[in-house]
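Student: Quick one: structure below, then a few questions.
The values are calculated or read from the model by the stated rules, or taken from the named source; none is laboratory data. All values derive from a computational prediction rather than experimental measurement. As a convention, Cβ positions derive from the backbone with ideal geometry for all residues, glycine included, and neighbour counts pool all protein chains shown. Ligands, DNA and RNA are excluded from the accessible area calculation, which covers all protein heavy atoms including side chains. Shrake-Rupley method; radii C 1.70, N 1.55, O 1.52, S 1.80 Å.
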Amino acid sequence: MSGIAKGMKYGPNKKGHTVTPHKTKSRQSQRKGKKGEKVAFVRAIVRDVAGFAPYEKRVMEILKGGGNNPQKRAWKFAKNRLGAHTRAKAKVAEMQDTIAAAAKVAAAAKASEGK
């Protein structure tokens, strides 16, 4: 437990009034940057309807193609398109997850077809 519990005394030398601390409401700054439920839902629908941007397709092509260190080449390509290293890394990770999900669906379809 944190040092402040119900019925504890406040003040210097802990000789002040016995009080119950207020429950503080979380600030917007503590929530900033977290993706909301509604936003995630809308983005998923847009992705289903619109599909991938041409540069995203190219990133996936680079990752699938193999060759000499495809992940690094994909990062470099994405960085040129997005402008920031961290955004490029996040985009390449997203594309890798998409490729893995598509492979998983294809494997499940192949397994159900074989039965």
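Student: In the range 51-70, which residues have a backbone nitrogen under 19 Å from the label point lying 7 Å from residue 98's Cα in the Cα-to-Cβ direction?
Tutor: 51-66, 70
Student: What distance in nm separates the simple spin-label points at residue 84 and residue 50, each placed 7 Å from Cα in the Cβ direction?
Tutor: 1.8 nm
Student: Run the 1.4 Å probe and let me know the accessible area of residue 18, rounded to the nearest 10 Å².
Tutor: Rounded to the nearest 10, that gives 80 Å².
Student: Still on this structure, I have one more. Lysines near residue 23 by alpha-carbon distance under 17 Å, same-chain residues fewer than 8 away left out - which ones?
Tutor: 6, 9
Student: Under a Cβ-Cβ cut-off of 13 Å, what is the net charge of the residues other than residue 64 that fall near it, where Lys and Arg count +1 and Asp and Glu count -1?
Tutor: Values: positive: 57, 58, 73; negative: 56, 61.
Its environment carries a net charge of +1.
Student: On to the next question. Tell me the mean residue ellipticity at 222 nm calculated for the chain from its helices only (DSSP H runs of n ≥ 4, each -39500 (n - 2.57), averaged over every residue, nearest 500). Display every interim value, and only then the final one.
Tutor: Numbers: 5 runs with 73 residues, N = 115.
The per-residue figure over the chain is -20500 deg cm²/dmol.
Student: Too long at a 19 Å Cα-Cα cut-off: which of 34/91; 57/79; 35/91; 38/91; 64/89; 72/104? Don't skip to the answer; put the middle values down first.
Tutor: Details: 34/91 17 Å; 57/79 15 Å; 35/91 16 Å; 38/91 21 Å; 64/89 16 Å; 72/104 24 Å.
Violating the 19 Å limit, Cα to Cα: 38/91; 72/104.
Student: Would you list the membrane-span-like helices of the chain, meaning whole DSSP H runs whose alpha-carbon atoms span at least 24 Å along their axis and whose mean Kyte-Doolittle value is at least -1.0?
Tutor: Numbers: long enough: 85-114 (43 Å, -0.12).
In the chain, the long hydrophobic H runs are 85-114.
Student: Another one. Going through the range 28-115, which chymotrypsin sites (Phe, Trp or Tyr not before Pro) have at most 13 other Cβ atoms within 10 Å and a DSSP loop state?
Tutor: Loop-located and lightly packed - 52.
Student: Another question about this same structure. 5 Å is the cut-off here: which amide hydrogens, built 1.01 Å from N in the peptide plane, fall below it relative to residue 19, excluding neighbours closer than 5 in sequence?
Tutor: 7, 8, 10
Student: So what's the chain giving for Rg/Rh, alpha carbon basis, Kirkwood Rh from the mean inverse pair distance?
Tutor: Numbers: Rg = 25.0 Å, Rh = 19.1 Å.
Radius of gyration over Kirkwood radius for the chain works out to 1.31.
Student: Tell me the per residue accessible area of the range 19-85 using a 1.4 Å probe; a whole number in Å² is fine. Each step should come with its number before you reach the end.
Tutor: Numbers: 5930 Å² over 67 residues.
Using a 1.4 Å probe on heavy atoms only, each residue of the range 19-85 averages 89 Å².
Student: Still on this structure: Expressed as a whole percentage, what fraction of the accessible surface of the range 43-104 belongs to carbon and sulfur atoms when a 1.4 Å probe is rolled over the protein heavy atoms? Could the numbers behind the result be given before it?
Tutor: Details: 2340 of 4380 Å².
Roughly 53 percent of what the probe reaches on the range 43-104 is carbon or sulfur.
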